[in-house]
1. Here's a check for you: in region 135-164, which residue that is part of a loop (DSSP other than H, G, I, E, B) and among the aliphatic types (A, V, I, L, M) is most open to solvent (accessible area, probe 1.4 Å)?
2. Being surrounded by 16 or more Cβ atoms within 10 Å (Cβ to Cβ), at negative phi and assigned to a loop (DSSP other than H, G, I, E, B) is the filter here, so list the residues in region 378-402 that pass it.
3. Taking the condition within 19 Å of Arg290 (Cα to Cα), within 21 Å of the chain's Cα centre (by Cα) and open to solvent by 10 Å² or more (accessible area, probe 1.4 Å), does Lys190 pass?
4. Any residue in region 463-477 that is touching a residue at least 24 places away in the same chain (Cβ under 8 Å) sitting within a Cβ distance under 7 Å of a residue that is open to solvent by 80 Å² or more (accessible area, probe 1.4 Å)? List the pairs, counting only those 6 or more apart or interchain.
5. Just give me the residues in region 299-324 being in contact (Cβ under 8 Å) with a residue 40 or more places away in the chain and more than 16 Å from Asn207 (Cα to Cα), in sequence order.
6. Looking only at region 487-495, decide whether some residue is among the hydrophobic types (A, V, I, L, M, F, W, C), in contact with a Phe, Trp or Tyr (Cβ under 6 Å, 6 or more places away or on another chain), in a helix (DSSP H, G or I) and within 29 Å of Asp130 (Cβ to Cβ).
7. Against the definition (open to solvent by less than 20 Å² (accessible area, probe 1.4 Å) and part of a helix (DSSP H, G or I)), how does Phe568 come out, yes or no?
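The values are calculated or read from the model by the stated rules, or taken from the named source; none is laboratory data. As the structure is a computational prediction, the values presented were derived from the model and not from experiment. Using ideal geometry, Cβ is built from the backbone for each residue, glycine included, and neighbour counts are taken over all protein chains shown. Note: accessible area is taken over every heavy atom of the protein model, side chains too, but ligands, DNA and RNA are not part of it. Shrake-Rupley method; radii C 1.70, N 1.55, O 1.52, S 1.80 Å.
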Amino acid sequence: MRKHERNNFRIVFSALLACSALLLFCGQVMAGAHSLILTMPPILAARSHGSPPPPGSTVTAAQASAFLARATFGPKMDEITALANSGDFNSWLKGQFAAPPSYHLAWIHQRLPGIAWKTYCDLVHIAKRDAWWDIVINGNDQLRQRVAFALSEIFVTSQFGPLINEPDGLAAYYDILVRDAFGNFRTLLKDVSLSPMMGKYLSYLGNAKADPAKGNHPDENYAREVMQLFTIGLYRLNQDGTTINDPATGKPLSTYTQDDIREMARVFTGWSDDNGYFEVGGGYNTHHARTSPMVAFAEYHDTGAKHVLTTNFPANQSAEQDLDRAVDMLFHHPNVGPFIGRQLIQRLVTSNPSPGYISRVAAAFADNGHGVRGDMKAVIKAILLDPEALHGADTHPQTFGKVREPLLGISHLWRSFHAHNKVCHRRGEDDSSPTYTYNCFHFEAARSFLQQNAAQESLTVFNYFTPDDGPADLKAHNLVSPERMVLGIDGLHHIFMSFALETYTYDTYEVGAHLDVSVEKNLLDAGKYNELLERLNILLLAGRMTPEMKQVLLRFIQENRNTTEHDFLTRNLIALVMTSAQYAVQR
């Protein structure tokens, strides 16, 4: 073994020992998963960082970092500094609301000009993932993309299942979420309902009215999921998200019945792509049909009178009229604000928002202050600027925060250390497939270790996890931790170590994201260890590194500074922070 290989082996082993020490100091080795992930270790709970000042006044770097971790795919130090210097969260939001959107289908069009979409769908699937990673790392519309990602985990479509050969349509569907992220929820709901991707995924594209002679009836899949997953949920809710219970039994009251589903299925008849196919799963001969809204075919629509929830649908209405009435009915249902608000809070801020937090967001959904219902900008502002979002780590230390999804951890690493992509040569599985050359991150490495590679790759319509997922011992305390279902802690640690060090996984999978750690290395070279650790503290932990954690890392530096190449040592420090218990939970 060569000398540098022995040194690398020794420092990695030393890093593993330090990691074990960090886990111990951070409370990871506490009894039970309740302490393991969502309960802040006592030493951290006791450490107050003060309340963030109100918008318009001074914002500290730590507060800016915490805010940007919720509103972007990971803060960069120059973004943290700029927000701290401005002292104004509202101005940052205003700038993000005005930023031009980055669209995924346009990205693919630009890099695969003239592609035969259906023939080389495997290549387009790769390009779709490349587009997602490039936009979330390099795009300027960070808030829009972060909200679109959150919406993609509510209004779920996936390449696994009936859309496996429709990557261009999936990109067009994701662009609906990007476009409507800052619009009105009613527009979003209607656009999703008219997407041929949603139509095929939940089997109402080509959904014809009942034919008594054949004994068939309309497909009920979308009729059920548009209520259960996309708008009102299973149970009637108070505006603070708590269930409304039957006084006699104490059990939650259902929002809809099987009769409502059957009637709603009749509403969603007569829609197909512009090729006019009327068999479930049919159609899709053209790129245009896969990427354009569905159209109505009157002869296949059920024009009889219908009754859904408490709403009457008069006879002889067109498919367009029935759909608009259904969208209005769901949009104005009192459950939508708290049901959707809670999930967006979970995706951006914390897994266990208080009833008060949910109620304030639901109020913003109901009225943006100007009499408008469903204004997504008002909802997003209410989520990100709520006192619980800004103060929760201090006021609710035992329950505030969310386990980081693997994708958000990796995007944080790559954005914070300015990962640059490389020239990739992409081609389909067929030897006759054309080869296209463009810059990408070549993100294939997580497939063996994580359950997330990019958006729109969950196995079911229920996303990678559901809003109420969590281990049994957390649920015993009425807490949830949805992301725990995909954390795969060993795999995630492997990914963070490999991606920070750019070692085995990079070589095996030819990952193209190369980190710039020159600033951190220069601090190490200059012996400014405390300044280096404080930089990592702000950049990765939003200022919540404990004194014990800092001492472990300082000792690690001192033990290896004279025997290890400093670039490699710097990368190990980054990996140690990102594999710590304190990093695992975004606070």
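1. Ile164
2. Selection gives Asp386, His396, Pro397, Thr399, Phe400.
3. When the stated conditions are applied, Lys190 does not pass them.
4. These pairs meet every condition: Tyr464/Gln451.
5. Those that are in contact (Cβ under 8 Å) with a residue 40 or more places away in the chain and more than 16 Å from Asn207 (Cα to Cα): Lys306, His307, Val308, Leu309, Phe313, Asp324.
6. yes
7. no
Residue by residue, here is whether (1) open to solvent by 50 Å² or more (accessible area, probe 1.4 Å); (2) within 28 Å of Asp394 (Cβ to Cβ) holds:
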{"residue": "Ala500", "(1), (2)": "no, no"}
{"residue": "Ser518", "(1), (2)": "yes, no"}
{"residue": "Lys521", "(1), (2)": "yes, no"}
{"residue": "Asp525", "(1), (2)": "yes, no"}
{"residue": "Leu536", "(1), (2)": "no, yes"}
{"residue": "Glu548", "(1), (2)": "yes, yes"}
{"residue": "Val552", "(1), (2)": "no, yes"}
